[in-house]
Amino acid sequence: LGPDLVNSAMQGYDTTLIVYGQTGAGKSHNVNELWPLICDQLLYQVHELVPTAEHPVTVEFSMYEVYNEQVTDLLTNARQFNTAATNTHGLRVKTADNGGSYYIEDLSCIQVSTYQDVMHLVESGRHCQKVLARNNARRASTAHVFMTWAVTHIYEERCAWTHVQGDIQLVKKMSHLSILDMAGSERPSTANGTNGIKSPAKHVPDRGNTSTYQSMSTFRQCVRRQSRSADVTQMIQPTAPDFRASVLTKLLKSSIGGSTKTVLLAVVSPSECDAEESRRTLDFAEQARNVFARATINRKVWRPVSNRLGLDTQIHSLHLEKNLEVVEREAARAMDSREMRLGSAEREKRGARNRDRGKREAYKLSSVATSTHAAELSLSDFQDGHTEHLDAQDLHLHDPAASKGFEARIRRFHEY
């Protein structure tokens with residue numbers, strides 16, 4: 001089991017190991033036996049690759065848990081243990097740029113090089129886990145615990161599709177190897193828990209048990225809908241799974257039906273009183289076997305360059321970036337804020353232009369009104385003059401001597 005996961009991760013595939021079963025069946029025991037072997041073999045292959053690699057190969061480790069629909073960074077809480085800076089609201093799960101997967105914002109990823117480094121981090125994270133003492137388990141985890149190794153490998157290769165001989169392109173290969181220790185799959189009524197949850201960091205309310213079971217139910221429903229056996233037994237087209245219904249299914253979207261190689265380890269109890277729960281676990285494992293996924297290699301190719309100097313410049317710029325994805329997200333946020341500032345400035349300029357345009361239109365309207373008033377006055381004067389002219393003509397017909405004064409006034413009016 002371990003070598004297949006490690007080999008796939010070194011080839012560039014995302015791999016996930018999900019340990020599923022009821023409380024007390026031995027899930028955490030299997031995880032504690034498997035992860036040291038997987039980690040040791042992964043770091044061994046990385047160290048073998050380093051002498052022959054032209055660029056460094058990095059391995060980053062992260063450990064977090066999902067409880068009560070909140071994501072808690074166990075490594076951050078371990079560093080902030082017994083301090084007031086512990087995050088009590090959980091980390092945010094956001095949609096990736098491609099829209100097909102989710103990622104955890106501000107999750108700490110610590111670079112490791114030896115097995116002792118990972119062992120120290122795991123032991124620190126275990127102290128911050130939320131556990132519950134039950135009849136069939138002395139220390140049962142009530143949360144879904146993730147352990148993830150991110151392997152980044154940058155290397156050079158020759159372009160086979162260009163017309164220029166000797167073109168070299170830079171390739172970045174990044175894969176994630178995750179181990180998920182799920183909470184108990186049984187219902188809360190059969191959990192036989194005590195009154196409180198024991199946690200070194202803080203007291204956890206009992207309502208998390210219900211949310212944990214709801215997330216497990218959503219996970220089973222997504223696997224059932226993703227299974228290919230649904231349309232064979234029911235002779236209908238199965239509905240698409242809703243991965244947004246729970247934080248757990250958001251984080252497992254690529255593992256359930258995406259581009260990840262996933263292994264489900266179903267753990268059952270040998271006790272006779274747990275026979276019914278063991279049967280349910282095996283039924284779910286049978287459904288999970290029919291889930292179809294098309295795994296792809298996470299490979300990102302940069303633009304090919306024709307000379308060695310340009311390639312060295314690209315490599316130098318890449319080595320200066322500690323985390324390329326974080327830098328890209330920060331740049332995107334800066335661009336968004338800049339566009340918002342430019343948008344507000346543009347709106348202010350547009351408002352000023354509209355105000356100036358309104359003033360000009362008001363001035364034009366006042367000018368037109370003044371011109372109209374002057375024209376009306378001229379028209380009234382013309383009408384008065386025309387009336388006087390007609391009166392003068394009537395007087396000239398009757399008394400030519402009396403009309404001389406009117407003719408002079410009419411002459412002056414026309415001159416005006």
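Calculate, in nm to one decimal, what residue 1 and residue 280 gain on full extension: separation in residues at 0.36 nm each, minus their alpha carbon distance.
Contour length minus Cα-Cα distance gives 98.1 nm.
Please arrange 29, 47, 144 by accessible surface area, largest first, computed with a 1.4 Å probe and ligands excluded.
In descending accessible area the options line up as 29, 47, 144.
In what order, largest first, do 289, 409, 355 sit by accessible area if the probe radius is 1.4 Å?
Ranking 289, 409, 355 by accessible area, largest first, yields 289, 355, 409.
Per-residue accessible area for residue 210 at 1.4 Å probe radius, Å² rounded to 10?
The accessible area comes out at roughly 70 Å².
Report the net charge of residues surrounding residue 40, where surrounding means a beta-carbon distance below 14 angstrom and charges are Lys +1, Arg +1, Asp -1, Glu -1.
Neighbour charge sum, excluding residue 40 itself: -3.
Once ligands and nucleic acids are excluded and a 1.4 Å probe is used, how much of residue 120 is accessible, expressed in Å² to the nearest 10?
120 Å²
Filter the cross-link list 172/253; 130/172; 130/261; 130/173; 253/300; 130/250 down to pairs whose alpha-carbon distance in this structure exceeds 32 Å.
130/172; 130/173
Residue 158 to residue 113: FRET efficiency via 1/(1 + (r/R0)^6), r the Cβ-Cβ distance, R0 30 Å, to the nearest 0.05?
0.50
The values are calculated or read from the model by the stated rules, or taken from the named source; none is laboratory data. All figures in this text were calculated on a predicted structure; none of them were measured in a lab. For neighbour counting, all protein chains shown are included, and Cβ atoms are generated from backbone atoms with ideal geometry for every residue, glycine included. Surface areas here come from the heavy atoms of the whole protein model, side chains and all, with no ligands, DNA or RNA. Shrake-Rupley method; radii C 1.70, N 1.55, O 1.52, S 1.80 Å.
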